[in-house]
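The values are calculated or read from the model by the stated rules, or taken from the named source; none is laboratory data. Just so it is clear, the model here is predicted, and its values are computed rather than measured. Neighbour counts are summed over all protein chains in view; Cβ atoms, including those assigned to glycine, are modelled from backbone coordinates with ideal geometry.
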Amino acid sequence: MMEGDSRDRVRIKTDGPCVEQTLDGLERGDRGKPMPRGALEAIRTQAANVLGSIVEAYSSYVAVGEVGAEGIHRASSAPPRRDRCPTGLLYGRVQSGKTAAMIVTSALAIDNGFRVIVVLTSNNLKLVRQTADRFAELDGPLIYSSLDSAAGTYAWDRDRGVIQRWMGERGAVFVCAKEDGHLESLIRFLQSVGAADFPALILDDEADHATPDTRVAQRSRAQARGKALPGYSTTFRLVVENDQVPGLSLREALSHNVFLQVTATPYGLLLQNLTNPLRPAFTRLLHPGQGYTGGEVFFASAGETASPPLVYVDEAEADLLRDEPAEAPQWLQRSLAFFLFAATAHRLSSGAPPRYGYKYLCHTSEKQHVHRRLSELILRYVDGFSSQLASDPSAALARDEVSWALDQLKETLPELPESAAMVNELVRYLPRRGMLVVNSEQGADLKFESRYNFLVGGNILGRGLTIDDLLVTYYLRQARVSQMDTMHQHARMYGYRQHLMPWTRVFLPQTLALRFRQIHESEHGLRELLGDEANGGAIPVEVAGDLRPTRSNILDIGSISAYRPGQQVYPVEPIHDPRELGDSVQLIDRLLADRLGGRPEPNRFVQIELSLAKALIDMVAVGEDDGDWESPAILRVLEATASRYASKAYLYVRDFSRTRTTLSQGAISGDEQEAAREKNAPVLFLFRGTKGKPWKADIWYPTVVFPRDMPAIVFNRDE
């Protein structure tokens, strides 16, 4: 149920013709791999929960009675019930099946009265094609894509009459790249065919990537300096709100809509101001299905030593590659040798290769000339090894990197196929290896060979692109300023790969493995904090190591704050006016008596349940604008880090007197702060002030000291 709305949930239909026929087609594999019915039913269950939130948001924010099982399936001309249409967030995991969930959610939306569905996707040919092909699996609505254009005319323009005739009965789906020409064409088309007469659902895939306004920080600085404010960035303008041509945006053209953001990296969205139309009003978690392997499989155990599926690469190898060596350095050779024998061993044990062969991914840089050079190094090694295998197999098998690769493979596959069988397989098929350089220069139209495929690339490999049957990842990408969302999206090794894990390895330096582990821990904490359904509120984001959560240009820098490891946080001006204190002091006294048998012994750290610390923080009286102290943010940070400290905290109580009522440096001593920082949990200091010293009434004054090993936490204080 939406916040502030006490009505019963709007009933939705979960077995309508569109979803039933779509699920049947997915099960048969009409346009792709057949999917098990059990997995599809699990997706339907989650999609129904997502649609429930969408319909509730529509009814609360937009209009009552237009969508749902009993909806009229048309939109009135009345403005939305609230100031604007709602935004939601579908928070999935990297390569966890978000597209399938979007398809089934769209099918349910059609069955429940949404008649216009727009799917926004990254402006990359391969990703647009991949998304458009998948959404063609919907059975019932008309389906169009921004790829379907000829001589400057889009397919939706050519089918204008068909769309106008059937949109109200069957619905229409438009898959559109986030590119200004495509977006403007679609907006003008929707306006011309009366699409605003129907309830709309806009699905923004990889919503944190291109849609946010990249001039938010610039506008924040200009406002602080009293200067003219810059306009919105182009994609934001055409998707959300057009400040140059009013009405020329998707959300304005489809005046009765729900905007659902879909991503595995929502940090930049959750850190927006509450007034930003991209700040989600509700969040739904998308849980992966059986066989998914994410950070908990690849990086949770990353530490001083590596164990499968991780292999630590010498930290200096990246420098060697920058020197443009004539041949592949040691760990690149080892990763290639491992891939060749792992793929061959899997083929011999399984009986048949995957439909599009096995994949090796090399990701070391975003620079195109580096991609070309690496592809040459890889082919030089692979082709040379192929020739040696054919002419002198004994010498080829005796190579150092081959011996290492076979020993490494035996750690997870003790019984390997016979060497002769693997050599025969490699000699026969390796000459037909596939090399794909995937970047904006080469494009991303991937055509794979039947056995061995090598992919080299950068940013295009880092978001949205699904790489089936990926066995080996060689990852050395080091950015000058690394962002959590960008690096997390580089985890192309994640996915439904449980059946391939014995043959799978990730080659990377230890420092990068530890960063991926920190990102995984941050993601885990954020998902736990949000729960299956979250509405509004301050959302703290853990920052992994020295990374930043997202690009700074999309955030209002005046509203972003952070709590750091070991930081003490305190109010600047203690509340001591009896009228402002109310009964807060008496309530804290009573709570301490009920939970601890009275006030704890002073000047010592007492371990308590985190729930008690949160209750005390919630009760203590503080001012509205009190320095770094933000009670709601502190409470959410404590929630976000609770699992790290077994839901424990420490309480430290002592008396408190001062000569002045303003505390520029807080109340704790340096020794107390150092002792608190070393505790393995957050510490709440409660200082008891006595009336007249110099307070107008007895008071409790709080300070929180975060543990030294706590990650930095970023949050938006515009709540």
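Values as computed for the structure displayed
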read-out	value
Count - residues of segment 364-387 that are among the small types (G, A, S) and touching a strand residue (DSSP E or B) at 6+ places or on another chain (Cβ under 7 Å)	1
All positions within segment 373-404 that are in contact with an Asp or Glu (Cβ under 9 Å, 6 or more places away or on another chain) and over 15 Å from F339 (Cβ atoms)	R373, R380, G384
Check on G357, at positive phi, in contact (Cβ under 8 Å) with a residue 60 or more places away in the chain and not aliphatic (A, V, I, L, M)	yes
Matching option when the condition is assigned by TED's automatic domain parsing to the domain that holds V62, in contact (Cβ under 8 Å) with a residue 12 or more places away in the chain and assigned to a helix (DSSP H, G or I), among L238, L278	L238
Unmet criterion (only one of (1) buried (at least 20 other Cβ atoms within 10 Å of the Cβ); (2) part of a helix (DSSP H, G or I); (3) among the charged types (D, E, K, R)) for E27	(1)
Among the candidates M487, M501, residue that is part of a helix (DSSP H, G or I) and modelled with pLDDT of 95 or more	M501
Segment 108-134, residues that are within 21 Å of M167 (Cβ to Cβ), surrounded by fewer than 24 Cβ atoms within 10 Å (Cβ to Cβ) and either out of contact with any helix residue (DSSP H, G or I) (no Cβ under 6 Å at 6 or more places or on another chain) or modelled with pLDDT under 95 (or both)	A132
Residue count for segment 678-700, restricted to those that are within 28 Å of S647 (Cβ to Cβ), polar (S, T, N, Q) and out of contact with any helix residue (DSSP H, G or I) (no Cβ under 9 Å at 6 or more places or on another chain)	0
Qualifying positions in segment 627-678 - in contact with a Phe, Trp or Tyr (Cβ under 6 Å, 6 or more places away or on another chain) and over 21 Å from D698 (Cα atoms)	A633, V637, Y650
Answer residue from segment 135-170, given it is basic (K, R) and closer than 21 Å to L183 by Cβ and is surrounded by the most Cβ atoms within 10 Å (Cβ to Cβ) among those	R158
Failed item, numbered, when P325 is tested on (1) outside any loop (DSSP other than H, G, I, E, B); (2) under 21 Å from E401 (Cβ atoms); (3) at pLDDT below 95	(1)
Count of residues meeting criterion [surrounded by 24 or more Cβ atoms within 10 Å (Cβ to Cβ) and either more than 17 Å from R433 (Cα to Cα) or modelled with pLDDT under 85 (or both)] in segment 450-459	1
Total residues in segment 241-262, condition in a loop (DSSP other than H, G, I, E, B), farther than 16 Å from V67 by Cα and in contact with a strand residue (DSSP E or B) (Cβ under 6 Å, 6 or more places away or on another chain)	0
Filter result (more than 21 Å from T265 (Cβ to Cβ) and of a type in the set (G, A, S)) within segment 67-124	G68, A69, G71, A75, S76, S77, A78, S106, A107, A109, G113
Condition check for V402: β-branched (V, I, T) and free of Cβ contacts under 8 Å to residues at least 60 places away in the same chain	no
Condition check for V128: among the β-branched types (V, I, T) and over 30 Å from F448 (Cα atoms)	no
Residue list for segment 352-370, filter: touching a helix residue (DSSP H, G or I) at 6+ places or on another chain (Cβ under 9 Å) and of a type in the set (A, V, I, L, M, F, W, C)	L361, C362, V370
Residue within segment 81-89 that is in a loop (DSSP other than H, G, I, E, B), modelled with pLDDT of 95 or more and at positive phi present	no
Residues that are aliphatic (A, V, I, L, M) and either under 38 Å from the mean Cα position of the chain (by Cα) or surrounded by fewer than 16 Cβ atoms within 10 Å (Cβ to Cβ) (or both), drawn from segment 378-415	I378, L379, V382, A390, A395, A398, V402, A405, L406, L409, L413
Where L332 falls short, out of the listed (1) surrounded by fewer than 21 Cβ atoms within 10 Å (Cβ to Cβ); (2) within 22 Å of H490 (Cα to Cα); (3) touching a residue at least 12 places away in the same chain (Cβ under 8 Å); (4) hydrophobic (A, V, I, L, M, F, W, C)	(1)
Segment 546-591: number of residues that are without any contact (Cβ under 8 Å) to a residue 60 or more places away in the chain and either among the β-branched types (V, I, T) or assigned to a loop (DSSP other than H, G, I, E, B) (or both)	2
Some residue of segment 90-107 being in contact (Cβ under 8 Å) with a residue 24 or more places away in the chain, basic (K, R), surrounded by fewer than 17 Cβ atoms within 10 Å (Cβ to Cβ) and on the phi < 0 side of the Ramachandran plot	no
Helices (runs of 4 or more DSSP H) fully within segment 113-185 counting 1 or more residues that are among the acidic types (D, E) and touching a residue at least 24 places away in the same chain (Cβ under 8 Å)	125-135, 155-158
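Quick grid of which residues meet (1) at pLDDT 95 or above; (2) charged (D, E, K, R):
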| position | (1), (2) |
| --- | --- |
| D319 | no, yes |
| L332 | yes, no |
| F338 | yes, no |
| R347 | yes, yes |
| R355 | no, yes |
| Y360 | yes, no |
| R372 | no, yes |
| G384 | yes, no |
| L389 | yes, no |
